[in-house]
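Structure first, then comments.
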Amino acid sequence: MSRVLTIQLRRFGLPGAVLVLLVGTAGLYSRTVAWSGGWISLAMSLREYLMLMCPAALAAGAWLARQEHRAKVAELFAGTPRPRHQRMLSMLAAVGLAVTGGYLGVLAVTAPWIAGTARYLPGAAVAVAAVGVPAVIAAAWIGLAVGRLLPNPATAPVLAVIGLLAIVAGPAAFRQEWQSALASPSWGMSPFSEFQTVPGRASAAQAILAAALAAAGAILLAAGRWRTRAVALVPVVLGLMLSVAVMPRDHDNIVFDPVAQQLVCTDDAPRVCVGRVHAGLLEEVTPHARQALTLLARLPDPPTAVQEDTNDHLDDDNPLPGPDTVVFRLEVGGDGHLADPDHLLPRLLQAAGADAAACPEGYDVPVARAVGAYLAGRPPARDPQESPFVQEPGGPPVPDYDAEATVLWEGLRRLPEAEALARVAAVRKAALECTGMTGLLDGGTR
């Protein structure tokens, strides 16, 4: 049996494994910034690109089935006394092992990219990634069954297109989020935050349905008569019923992991903290954070600690720290390290001088940039991590925040240091009290 399986792996499995591996790897490495923040982000992105890997497995299965038909070995095997289902078992095993190897190979070539900085490995990340195994097996086995029934050169590409449409656009036909999540293993898997997670029951329901579809594909391939092939509906119905029962009705694509949000801090003072999911970046953040605290020490009642903003901003009952702590957003680059570390210092100073999270209504972008630039001792510059403003055709002109901030910054530089710092302190006080900061740097009210 092992010799037969080895031959089947070489003949049928290797092309499917290579196709899944290439498609998945190309997809993930085209957007490393989406999953470089941690293991759960990688697992979710891996699942997201099942929208390419599953159609590839479908097409590979159909193509492999047609190759056997072209070689006319089916007629040869049919003349042997060995039962049909036993002959099909070796093919199913070979193709299943191959596409599983291709899928896990994608994980193997992407995991080293973040292994040096990703320290927090939640169980949910393992479960999310594991759901992809029955998903690609189901796609490959269904492709084998359809390719055997329709051994046409057009079957493989047509199946790939149908599979892509079904996995990408199909879930949009459902009205409930949990129904869409069941309909597609890649639905809602685009990471929104490194603090996200996926409920275990949702992963279990998706795995159950994928396994049921794989069983249906195996029955379709092994059955020799149409009446027997109708039995393939049984695992589909049972799997659908069980997965619907397991899937939580309040399923949401944006669920936060409280453990990932827990703070990990330096042992010595001044205290610098990041979320547990970013613990591997604490050493990179600490020098910039402490430099910012040194510069802020020139202000009255300066902050004495720096903390990453791990708030999900969906719960109003989760308060921000007091004025003695600078709260900032940690941005992870595509290489798993700090994104644009040269801009972290002015970003920290900007957050300390005018915190948008604490008082969004009174936040003034040019004033905040000017404050951060003055404290950092450098001209205002657009942060690469900030979304650029795009003017729509025929729409109102987009404000040039950099130009406005530069004017305010130059005005601060012309003032005596004591007066300039007094105005910066007034901006910080207004931001903390939510009284509005516009006009405070130029000595008036705009």
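Condition check: open to solvent by 10 Å² or more (accessible area, probe 1.4 Å), at pLDDT 90 or above, closer than 24 Å to residue 365 by Cβ and among the aliphatic types (A, V, I, L, M). Does residue 320 satisfy that?
Criteria not met by residue 320.
For region 297-317, how many residues meet the condition of being open to solvent by 80 Å² or more (accessible area, probe 1.4 Å), modelled with pLDDT under 80 and on the phi < 0 side of the Ramachandran plot?
Qualifying residue count for the region: 3.
Screening residue 241 on (1) open to solvent by 70 Å² or more (accessible area, probe 1.4 Å); (2) modelled with pLDDT under 95; (3) of a type in the set (A, V, I, L, M, F, W, C) shows it passes everything except condition (2). Residue pairs whose Cβ atoms lie under 7 Å apart, sitting 6 or more positions apart in sequence or on different chains, and linking a residue in region 220-235 that is closer than 22 Å to residue 207 by Cβ to a partner that is aromatic (Phe, Trp, Tyr) and surrounded by 14 or more Cβ atoms within 10 Å (Cβ to Cβ), are 221/141. Restricting attention to region 254-312, the residues being within 23 Å of residue 335 (Cα to Cα), in contact (Cβ under 8 Å) with a residue 60 or more places away in the chain and in a helix (DSSP H, G or I) number 9. Residue 212 fulfils the conditions (1) of a type in the set (Gly, Ala, Ser); (2) within 25 Å of the chain's Cα centre (by Cα); (3) open to solvent by less than 40 Å² (accessible area, probe 1.4 Å) except for a single criterion, (2).
Filter region 170-214 down to residues that are part of a helix (DSSP H, G or I) and either under 12 Å from residue 255 (Cα atoms) or of a type in the set (A, V, I, L, M) (or both), then give me how many there are. First the steps, then the outcome.
Restricting attention to region 170-214, the residues satisfying the condition of being part of a helix (DSSP H, G or I) are 170-173, 177-183, 200-214.
Of the ones still in play, those that are also either under 12 Å from residue 255 (Cα atoms) or of a type in the set (A, V, I, L, M) (or both) are 172-173, 181-183, 200, 202, 204-205, 207-214.
Residues meeting the conditions: 17.
Pairs linking a residue in region 105-132 that is farther than 19 Å from residue 17 by Cβ to a residue that is of a type in the set (A, V, I, L, M) and in a loop (DSSP other than H, G, I, E, B), with Cβ atoms under 8 Å and 6 or more positions apart or on different chains, are 124/198; 127/198; 128/189; 128/198.
Pairs are defined by a Cβ separation below 7 Å, a sequence spacing of at least 6 or placement on different chains, a first member in region 421-432 that is within 16 Å of residue 366 (Cβ to Cβ) and open to solvent by 10 Å² or more (accessible area, probe 1.4 Å), and a second member that is assigned to a helix (DSSP H, G or I) and at pLDDT 85 or above; the pairs so defined are 423/412.
Can you name the residue in region 92-120 that is part of a loop (DSSP other than H, G, I, E, B) and touching a helix residue (DSSP H, G or I) at 6+ places or on another chain (Cβ under 9 Å) and is also nearest to residue 281 (Cα to Cα) among such residues?
Just the residues of region 92-120 that are part of a loop (DSSP other than H, G, I, E, B), to begin with: 115-120.
The next check asks that each one be touching a helix residue (DSSP H, G or I) at 6+ places or on another chain (Cβ under 9 Å); those that pass are 116-120.
Working: 116: 10, 117: 6, 118: 8, 119: 9, 120: 12 Å.
Residue satisfying both the conditions and the ranking: 117.
The values are calculated or read from the model by the stated rules, or taken from the named source; none is laboratory data. Just so we're clear, the structure is a prediction, and the values are computed from it rather than from any experiment. Every residue, glycine as well, gets a Cβ built from its backbone with ideal geometry; the counts of neighbours run over all protein chains shown. SASA here: full protein model, heavy atoms, side chains in, ligands and nucleic acids out. Shrake-Rupley method; radii C 1.70, N 1.55, O 1.52, S 1.80 Å.
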